[in-house]
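Just below is one structure, and these are the notes that go with it.
The values are calculated or read from the model by the stated rules, or taken from the named source; none is laboratory data. In this text, all values refer to a predicted model and were calculated from it rather than measured experimentally. Note: ideal-geometry Cβ built from the backbone for every residue, glycine included; neighbour counts use all protein chains shown.
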């Protein structure tokens with residue numbers, strides 16, 4: 001499910017790629033209405049509960065849901081650690097390093113511990129996917145992303161499966177300090193939450209897709225796509241993957257990216273990304289039109305008539321105000 005989101009360049013709050021929202025959707029084999037579904041969402045993690053249970057409702061509204069965090073006496077992570085210790089359940093966290101982490105192929109998120117105070121700088125040893133940009137190589141690394149109809153298909157000329165492609169870019173981006181975001185988000189119920197996210201491969205893909213679309217999409221389409229991407233992000237974040245509106249937006253995005261085919265070369269250097277090359281057989285960029293030198297298609301004399309018509313509303317208003 002995460003793969004089409006690349007083509008849409010969906011960002012949450014314009015900062016964090018929505019891979020942590022997508023990871024929780026499941027394809028379930030629902031053979032019995034008596035089946036119980038358990039979620040690991042904590043009481044304050046309302047958005048996670050919503051994502052789980054809206055998905056269950058959509059796939060089989062007759063299923064029963066059990067959310068232990070809403071019923072038991074454990075109220076926080078320290079209580080949970082004590083419970084695990086008492087019952088000999090191994091857990092990867094300790095009271096000295098009590099970060100709440102969620103990760104998959106796409107990303108790794110960090111919350112809790114010292115991050116709960118937005119004034120605190122994250123500790124250097126907290127990060128697990130990316131090196132500190134200050135410690136990244138002193139020489140830039142170039143990476144070429146091949147894209148077909150809005151979907152990434154190759155890295156540096158080598159065709160890869162979606163999973164292998166993301167894994168490869170995670171390695172490349174991680175060693176160059178790419179994809180770190182520290183932000184305060186507004187959760188579904190209104191509370192604010194601070195989190196730090198690592199998305200090296202996703203950040204590279206997001207950048208490459210946007211740069212290629214700058215060649216293949218016209219201005220109005222790009223502006224419309226950007227406005228709808230925000231709505232798409234809201235739907236995904238709020239667990240409404242199976243909403244008809246999300247499916248309709250998919251159809252729009254798939255249509256406009258039919259010609260988003262080509263390659264983008266990016267330069268990675270100490271946490272930064274810059275584009276060095278964009279190529280597409282469907283490019284709308286015409287050097288003979290855009291050149292500052294003389295051209296056969298663009299006639300400078302056409303500008304006068306266009307400006308007079310384009311500025312007509314302003315001229316009419318000015319005439320009214322001045323009594324002309």
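Just one residue in the set 227, 274 is exposed (fewer than 13 other Cβ atoms within 10 Å of the Cβ) and within 23 Å of residue 170 (Cα to Cα); that residue is 274.
So for the range 104-114 (the condition being modelled with pLDDT of 95 or more, in a loop (DSSP other than H, G, I, E, B), more than 19 Å from the chain's Cα centre (by Cα) and on the phi > 0 side of the Ramachandran plot), does at least one residue qualify? So far as the range 104-114 goes, no, none of its residues is modelled with pLDDT of 95 or more, in a loop (DSSP other than H, G, I, E, B), more than 19 Å from the chain's Cα centre (by Cα) and on the phi > 0 side of the Ramachandran plot. Checking each residue in the range 179-206 for being outside any helix (DSSP H, G or I) and either within 15 Å of residue 265 (Cα to Cα) or without any contact (Cβ under 8 Å) to a residue 40 or more places away in the chain (or both) picks out 190, 192.
For the range 148-171, a residue qualifies if it is over 18 Å from the mean Cα position of the chain (by Cα) and crowded, with 19+ Cβ neighbours inside 10 Å, and exactly one does: 155. Taken as a whole, the structure places residue 255 among residues that are free of Cβ contacts under 8 Å to residues at least 60 places away in the same chain and outside any loop (DSSP other than H, G, I, E, B). Taking the criterion of being within 13 Å of residue 214 (Cα to Cα) and touching a strand residue (DSSP E or B) at 6+ places or on another chain (Cβ under 8 Å), the residues of the range 258-280 that qualify are 260, 261, 262, 263, 264, 275, 277, 278, 279, 280.
If you go through the range 259-266 one residue at a time, do you hit one that is farther than 19 Å from residue 146 by Cβ and within 19 Å of the chain's Cα centre (by Cα)? No - not one qualifying residue is present in the range 259-266. Among the residues of the range 187-202, those identified as modelled with pLDDT under 90 and in contact with a strand residue (DSSP E or B) (Cβ under 6 Å, 6 or more places away or on another chain) are 187, 193.
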